[in-house]
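What follows is a set of notes on a single structure, which appears directly below.
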Amino acid sequence: FNQPSPLRKIISVSSIAAGVQFGWALQLSLLTPYVQLLGIPHKWSSLIWLCGPVSGMIVQPIVGFHSDRCTSRFGRRRPFIAAGAAMVAVAVFLIGYAADIGYKMGDKLEETPRVRAIGIFALGFWILDVANNTLQGPCRAFLADLAAGDAKRTRVANAFFSFFMAVGNVLGYAAGSFTNLHKMFPFAMTNACDLYCANLKSCFFLSITLLLLVTVTSLWYVKDKQWSPPPVAADEEKKSVPFFGEIFGAFKVMERPMWMLLIVTALNWIAWFPFLLFDTDWMGREVYGGDSEGDARLKQIYNKGVQSGALGLMFNSIVLGFMSLGVEWIGKKVGGAKRLWGIVNFILAIGLAMTVLVTKLAADYRKVAGPYAGPSPGIRAGALSLFAVLGIPLAITFSIPFALASIFSSSSGAGQGLSLGVLNLAIVIPQMIVSLGGGPFDALFGGGNLPAFIVGAIAAAISGVLAITVLPSPPPDAPALKTGAMGFH
């Protein structure tokens, strides 16, 4: 255990990321439309997404802290990874069968909202986010254990983890865009679960099958070191859970480079999160002209738009995967990490602003072709191209902020875990703000998704300016940036 593990074991553990990310991809592409089909109004659907940032802020640090100190005979990491996979299975069952369970408990199919189904769905959604956060942190820590401090093997492990995240994204978005997936599981469609619901249920069946397959295989094949705690004094034992106290105490002594990084990161996520929440809903509602609360034909059009949005997210993930491989090389060509981050934030701002143009063109086309026409092939291609192009800034968002946090903390003598914990607050707090305010803010301007997208475009532009002008450059002797996508949960 004190030597770097063989590459095949690192690849095996890294493959768990594909199963985890498959589930995240399904959440991002399908669940916002699903909650609206259950009867939650658009302006309140974003509240469901509060569980992501809340669990990311609380669960990951706690699980990481205790997995470092777990004394199980099965090892430090494997018990948490196994528990997370089991929780995912429970959550997927609750989400997929929410409409059916609600119907059995007394929901009426002709009435909305379906209160009982929404309650079951929300419970499953929160469990799913907690489970995914329980899985992801120990997986990354397990890879670090397997690398045993070897820098090259650590970079290889991160590269494979990122690769399998991209694989999971592509599989998840591809499954979400396939309209006849329910035919693989004929029992998925019931009186309470229509075509869209059956497809969602089928996607989650595939997700849990993949996750359990890679998790069981990896945990059986790769052994984990049993940890024995070193002896500590009685007064040190009382300080055994200092994580959150250290994070908030770090703000008092934080130096200017980290403050600037937190500000740029927070603005960056104010820009990203509205799109990540409502991208497929935007395709179904604004681009295709459907309505999750309309008549049967409008609902059908809306579902087509959501599935088209899932296809766009698959293109986004493909671009993200290729871009992630070239972050370090491109950064050198454009003059450094902070300049690259600034440039791609302007790309993000332009992309979010372009949603207004695509929406207007789609609305004008429907005025001529009819309200049920959907978008023209050119408009659809333009919207899908927008998804693909946004994979470029997303790759930078998933890599450079974390690398800069490590560099700044190293140069100031702060701990890596502490600095990344503080950076995580700059990610999840904006997500919570958007989750709480995004839907009601859109409603103030007549509903739809464009108001939040415009705010995101403005935040992205400001973030780009600050990244180039006030964000300090890394020290000349800083270690090379390590690329690799990281979850935003």
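If you take all other residues with their beta carbon under 14 Å from the beta carbon of residue 472, and give Lys and Arg +1 and Asp and Glu -1, the sum is +2. Suppose a student asked you for the relative contact order of segment 164-208, using Cα pairs under 8 Å spaced at least 6 residues apart; what percent would you report? Relative contact order, segment 164-208: 37 percent. Over 25 Å apart at the Cα level, from the set 201/223; 9/338; 183/299; 201/304, are 201/223; 9/338. Short-range pairs are left out: with C-alpha atoms under 8 Å and at least six residues apart, the relative contact order of segment 88-210 is 28 percent.
Residue 190 exposes around 50 Å² of accessible area when a 1.4 Å probe is run over every protein chain in place. Packing here is the average count of other Cβ atoms within 10 Å per residue, and on that basis the peptides 337-346, 321-330, 106-115, 14-23, highest first, run 14-23, 337-346, 321-330, 106-115.
In this rough spin-label picture, where each label sits 7 Å from Cα along the Cβ direction, the residue 363-residue 255 distance is 5.1 nm.
Of 256, 77, 69, 140, the residue with the largest accessible area leads and the full order is 256, 69, 140, 77 (1.4 Å probe). Modelled spin-label separation between residue 190 and residue 295, with each label point placed 7 Å from Cα along the Cα-to-Cβ direction: 3.0 nm.
The values are calculated or read from the model by the stated rules, or taken from the named source; none is laboratory data. This is a predicted model, so every value here is computed, not measured. Glycine also receives a Cβ, built like all others from the backbone with ideal geometry; neighbour counts cover every protein chain displayed. Ligands, DNA and RNA are excluded from the accessible area calculation, which covers all protein heavy atoms including side chains. Shrake-Rupley method; radii C 1.70, N 1.55, O 1.52, S 1.80 Å.
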